[in-house]
1. Before we move on, is Ala241 open to solvent by 20 Å² or more (accessible area, probe 1.4 Å), more than 10 Å from the ligand (Cβ to nearest atom), touching a Leu at 6+ places or on another chain (Cβ under 7 Å) and in contact (Cβ under 8 Å) with a residue 12 or more places away in the chain?
2. Would you kindly identify the strands (runs of 3 or more DSSP E) lying entirely within the stretch 236-337 that contain at least 1 residues that are among the aromatic types (Phe, Trp, Tyr) and over 30 Å from Val43 (Cβ atoms)?
3. Condition (residue is open to solvent by 50 Å² or more (accessible area, probe 1.4 Å) and under 21 Å from Asp236 (Cα atoms)) applied to the stretch 345-363: is it met by at least one residue?
4. What number goes with the only condition from (1) outside the structural domain of Cys73 (by TED's automatic domain parsing); (2) under 27 Å from Met243 (Cβ atoms) that Met336 does not pass?
5. When you scan the stretch 141-201 for strands (runs of 3 or more DSSP E) that lie fully inside it, which ones turn up with 2 or more residues that are farther than 15 Å from Lys263 by Cα and hydroxyl-bearing (Ser, Thr, Tyr)?
6. Does Leu162 qualify as being in the same structural domain as Gly298 (by TED's automatic domain parsing) and touching a helix residue (DSSP H, G or I) at 6+ places or on another chain (Cβ under 7 Å)?
7. List pairs: first residue in the stretch 68-84 and at pLDDT 95 or above and basic (Lys, Arg), second residue outside any helix (DSSP H, G or I) and open to solvent by 40 Å² or more (accessible area, probe 1.4 Å) anywhere in the structure, Cβ distance under 7 angstrom, at least six positions apart or on different chains.
8. Looking at the stretch 206-227, I want the residues that are farther than 15 Å from Asp282 by Cβ and have a partner that is crowded, with 24+ Cβ neighbours inside 10 Å and acidic (Asp, Glu) with Cβ atoms under 9 Å, at least 6 apart or on another chain. Which pairs are those?
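The values are calculated or read from the model by the stated rules, or taken from the named source; none is laboratory data. Quantities reported herein were computed from a predicted structural model and do not represent experimental measurements. All Cβ positions, glycine included, derive from the backbone under ideal geometry; neighbour counts span all protein chains shown. These accessible areas exclude ligands, DNA and RNA; they are computed on the full protein's heavy atoms, side chains included. Shrake-Rupley method; radii C 1.70, N 1.55, O 1.52, S 1.80 Å.
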Amino acid sequence: MGFFTPTAYDAVPAVSPAYHDESPMPNHSHDLLVIGAGPAGYVAAIRAAQLGLNTAVVDKEPALGGTCLRVGCIPSKALLESSHKYEDALLHFKEHGISVDGVKLDLPTMLKRKDKVVKTLTGGVASLMKKNKVAVYHGTASFNADKSVTIGDDTVTAKHVLIATGSVPATIPGVDLADDRVDTSTEALDYQEVPEHLAVIGAGVIGLELGSVWRRLGAKVTVIEYLDRIFPGMDDELANAAMKTLKKQGIAFQLGCAVTGVKSGKDGVTISIKDKDDVKADRVLVAVGRRPNTEGLGLDQVGITPNRRGQIEVNERFETGVAGIFAVGDVVPGPMLAHKAEEEGIACVEMIATGHGHIDYNTVPGIVYTHPEIASVGKTEEQLKDEGIDYNKGSFPLIANGRARANNETDGFVKVLADAATDRVLGVHILADAAGDLIAECATAMAFGASSEDIARACHAHPTLSEAVKEAALGVAGRSIHI
Ligand code: NAD
């Protein structure tokens, strides 16, 4: 550990200076100490510094940015992009009249590019800390009974402590993550060769994003899922359409399969499934969810007891129940999403500094970066039915969108769900190339309480995929133009 003295800094070459000359000398006493420099923590720290709080952040990893930047969102998107380009060159360029012979995978270069992206961005976070005069400690933070925090040899005190320690991969009984052939998303971002057969346990976001990467690069991929569907919680129509597309691309699904154990041998792994045949593969990616990360934090010292799921319960002000200690991000209940964590971090420190802060959980989008992408915001049709809310629905297929045709990206649709009485948009679900970008308009519209007519009457540029959003919104009142 160590607060960043020049000597300590010299000893950690991979990280940009986190503490700089113009900053006041560290006195190990702050208005706010943020534990964890992931999207929840580092963003909260910047906002707190903007609001005038003497702020420090601590992380046990040398590189700042948390799971998202180091071993999550960013490296997986880098590989998704590279593998998509590879598959395009291999299979789809010819549809555009481009013939390329001898397309070859250069995996070391692909991995190196991914690592460089990560390094640039984590270095960027360190620079942001410096720019905002946020002090950075490196080491594992642990609470003492008096609410001070021990980091290595130092004891740090703060008026407010914000826990933003994120999450770690979960596993299931009979599956040992320490096994050499059993991987989490972290290892699956760094395979030095393409596995011949990759079995994925769990048809959630991680399983299908990383499953897509390795399938595109040449692996046979079998996804084994406990439920009889993929993407639990996602709108049924969207999840079913996504599964059809992923199957067409070559991913094999075994649904309704409860994995009971994994045995690793010299030549591969055997996955046992309750009442079904074993599956044999070269490697297994365990993608059955993540659990809150509170290990070593010394929560018991300050009287915080995680709930049954290991989460730290907080109220709407992110207070833990122990005065001066707050928590946000994956470590608290709610979807484990970087952008939700960022919003919580900002709202929390704004409440601390100004008394006011805001987050609208109804408009937190969810995106799966497969190809096409899958994006949702608001309620699913199933939720609306369960809640007895009358709704109207407008749907528009990408095949009827000019730009999608021009791009040869015609798989998918946009579905807008609006309240039958008020026309207020309650949910939007998209399967499309760039759905992750298209959903931003919908989330913004919903944040402003837009009706489907508001979206439909806004001028959308032609020719763009966003016209499919407009057309789906028009469709709520049966007024779509192009179908
Ligand atoms: P997930 O919760 O999305 O999916 C886990 C899947 O594993 C579920 O479908 C579940 O039914 C299945 N499962 C559980 N036990 C099983 C068993 N014994 N046998 C077979 N299947 C079993 O979890 P994940 O994909 O690991 O992702 C973890 C978290 O990270 C999620 O909260 C996710 O939202 C987040 N994440 C988000 C993104 C993104 O936003 N693009 C990307 C990666 C991860």
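1. Values: open to solvent by 20 Å² or more (accessible area, probe 1.4 Å): yes; more than 10 Å from the ligand (Cβ to nearest atom): yes; touching a Leu at 6+ places or on another chain (Cβ under 7 Å): yes; in contact (Cβ under 8 Å) with a residue 12 or more places away in the chain: yes.
Spelling it out, Ala241 is indeed open to solvent by 20 Å² or more (accessible area, probe 1.4 Å), more than 10 Å from the ligand (Cβ to nearest atom), touching a Leu at 6+ places or on another chain (Cβ under 7 Å) and in contact (Cβ under 8 Å) with a residue 12 or more places away in the chain.
2. Counting at least 1 such residues, we get 252-254.
3. Yes, that holds for at least one residue.
4. (1)
5. 154-163
6. yes
7. As it stands, the answer is Arg70/Glu61; Lys77/Tyr369, since those pairs meet every condition given.
8. Taking only residues 6 or more apart or on different chains, the pairs are Gly207/Glu225.
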